[in-house]
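The structure under discussion appears below in the form of structure tokens.
The values are calculated or read from the model by the stated rules, or taken from the named source; none is laboratory data. None of these values were measured; they are calculated from a predicted model. Cβ placement follows ideal geometry from the backbone for every residue including glycine, while neighbour counts extend to all protein chains displayed. In case anyone asks, the SASA skips ligands and DNA or RNA and just uses the protein heavy atoms, side chains included. Shrake-Rupley method; radii C 1.70, N 1.55, O 1.52, S 1.80 Å.
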Amino acid sequence: MDWSRLPSLSQLRAFEAAARGASFSAAARELNVTPAAIGQQVRALEREIGSALIERVGRGMVPTEVGRELADALSRAFGTIADAVERASADAAARPVRVTMTPMFASYWFMPRYGDFRTRYPQHDLVVHPTGAIVDIAAGAADVAVRYGDGAWDGLEASLLQPSDFVIVGGPDLLPADFDVTPKDLLSLPWFEELGSQEIWRWFQSVGLDVGARAKVTEVPGHLIRELLREGHGLATAARVFVADDLAAGRLRVYWEAERPSGGYWVVHRPGPQREGVTALVDWLRVQAGQKKGRLTGRPSPTGR
């Protein structure tokens with residue numbers, strides 16, 4: 001069928017409402033327009049079809065035989081559409097919200113706060129996917145992501161959740177306290193890196209360090225790195241917020257940091273209206289980061305995925 005030859009939806013809706021209510025005035029109230037507008041739409045539909053659809057009977061109106069057949073078909077079709085929309089809305093509300101983030105972010109920042117989300121939003125289920133890989137949100141692989149970078153992901157919207165303030169940390173006795181540490185000194189020591197994550201590579205590049213010059217690098221799951229550092233087995237790069245408690249308690253020590261943060265953690269999602277569970281999660285993330293709730297929009301990302 002050539003769908004382009006169908007009359008406009010506004011004409012069909014106006015006629016169906018007028019035929020069902022036997023009145024232009026009733027149709028106008030239902031569709032929130034004027035009776036004159038309903039009359040114009042019905043007359044335009046009659047011209048397009050080439051047949052009378054409504055006829056006057058006294059002060060009222062009734063569909064013609066052709067009009068009655070068309071009105072019945074339209075009523076069934078609009079009913080089917082309404083049912084489908086209702087089912088789709090119910091399915092969307094029932095689906096869990098899928099959120100992705102790096103294992104380190106999940107372990108050190110998200111999961112310690114997760115109980116608060118469950119308390120505040122018990123009606124919304126989450127699927128948390130900790131991974132260092134970049135999940136394709138635009139294709140629907142997740143609803144929300146928390147990612148490190150500059151907020152530039154093509155076709156998505158991003159809002160800054162928290163500046164990163166990355167630091168190079170290790171056990172307090174890994175090097176003498178009076179040792180004048182330079183980045184070059186650190187490259188020869190053992191390093192731990194989150195398995196599959198690209199965040200650290202991007203941070204090294206942003207601060208002008210050669211990530212490939214490190215002599216000994218072991219990739220491990222992100223949630224294991226902190227314990228290895230505490231035991232003095234080597235160095236790692238981490239967001240300061242992840243290790244703040246360990247730094248304050250003296251369990252870890254900062255061996256190098258950039259003069260100022262070069263990136264941050266961003267909340268990333270598809271543009272446009274979002275279902276209630278997604279809005280709730282993003283609002284909650286912002287509150288946890290010390291921000292106010294706001295409209296679920298961010299900066300459109302011009303480049304990157």
The correct count of residues that are over 11 Å from A18 (Cα atoms) and not in a helix (DSSP H, G or I) in region 61-72 is 1
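When only residues in region 276-299 that are modelled with pLDDT of 90 or more and among the β-branched types (V, I, T) count, which is nearest to R113 (Cα to Cα)?
It comes out as V287.
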Look at region 49-71 and say how many of its residues are more than 17 Å from A26 (Cβ to Cβ) and in contact with an Asp or Glu (Cβ under 9 Å, 6 or more places away or on another chain). 3
Do you know which residues across region 272-290 are among the β-branched types (V, I, T) and either within 22 Å of A152 (Cβ to Cβ) or touching a residue at least 24 places away in the same chain (Cβ under 8 Å) (or both)? V278, V282
Out of the residues in region 202-216 that are open to solvent by 20 Å² or more (accessible area, probe 1.4 Å), part of a helix (DSSP H, G or I) and without any contact (Cβ under 8 Å) to a residue 24 or more places away in the chain, state the one that is farthest from L228 (Cα to Cα). Q205
For residues that are at pLDDT below 85, over 12 Å from A158 (Cβ atoms) and in a loop (DSSP other than H, G, I, E, B), tally how many sit in region 247-271. 5
Residue check, V128 against (1) in a strand (DSSP E or B); (2) in contact with a helix residue (DSSP H, G or I) (Cβ under 7 Å, 6 or more places away or on another chain); (3) surrounded by 17 or more Cβ atoms within 10 Å (Cβ to Cβ), all met but one. Which one? (3)
So for region 226-241 (the condition being in a loop (DSSP other than H, G, I, E, B) and at pLDDT below 85), does at least one residue qualify? no
Have a look at E55, E69 and point out the one that is more than 30 Å from R275 (Cβ to Cβ), modelled with pLDDT of 90 or more and not basic (K, R). E69
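Within region 182-201, can you find the residues that are open to solvent by less than 30 Å² (accessible area, probe 1.4 Å), out of contact with any Gly (no Cβ under 6 Å at 6 or more places or on another chain) and either within 22 Å of A248 (Cα to Cα) or assigned to a helix (DSSP H, G or I) (or both)?
L186, E199, I200
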Please state which one of A142, A106, A138, A133 is open to solvent by less than 10 Å² (accessible area, probe 1.4 Å) and assigned to a loop (DSSP other than H, G, I, E, B). A142
Output the residues belonging to region 25-82 that are over 46 Å from the mean Cα position of the chain (by Cα) and within 18 Å of S10 (Cβ to Cβ). R47, L53, I54, G67
Across region 94-116, what is the number of residues that are out of contact with any strand residue (DSSP E or B) (no Cβ under 7 Å at 6 or more places or on another chain) and of a type outside the set (K, R)? 9
Only residues that are of a type outside the set (V, I, T), more than 31 Å from the chain's Cα centre (by Cα) and at pLDDT 85 or above: list them for region 198-225, please. K216
Residues (surrounded by 15 or more Cβ atoms within 10 Å (Cβ to Cβ), small (G, A, S) and outside any strand (DSSP E or B)) located in region 157-181: S164, G171
When region 230-263 is examined, which residues are found to be open to solvent by less than 40 Å² (accessible area, probe 1.4 Å), more than 15 Å from S164 (Cα to Cα) and touching an Asp or Glu at 6+ places or on another chain (Cβ under 8 Å)? G232, L252
Could you tell me whether any residue of region 91-101 is touching a Ser or Thr at 6+ places or on another chain (Cβ under 7 Å), open to solvent by 10 Å² or more (accessible area, probe 1.4 Å) and under 30 Å from E227 (Cβ atoms)? no
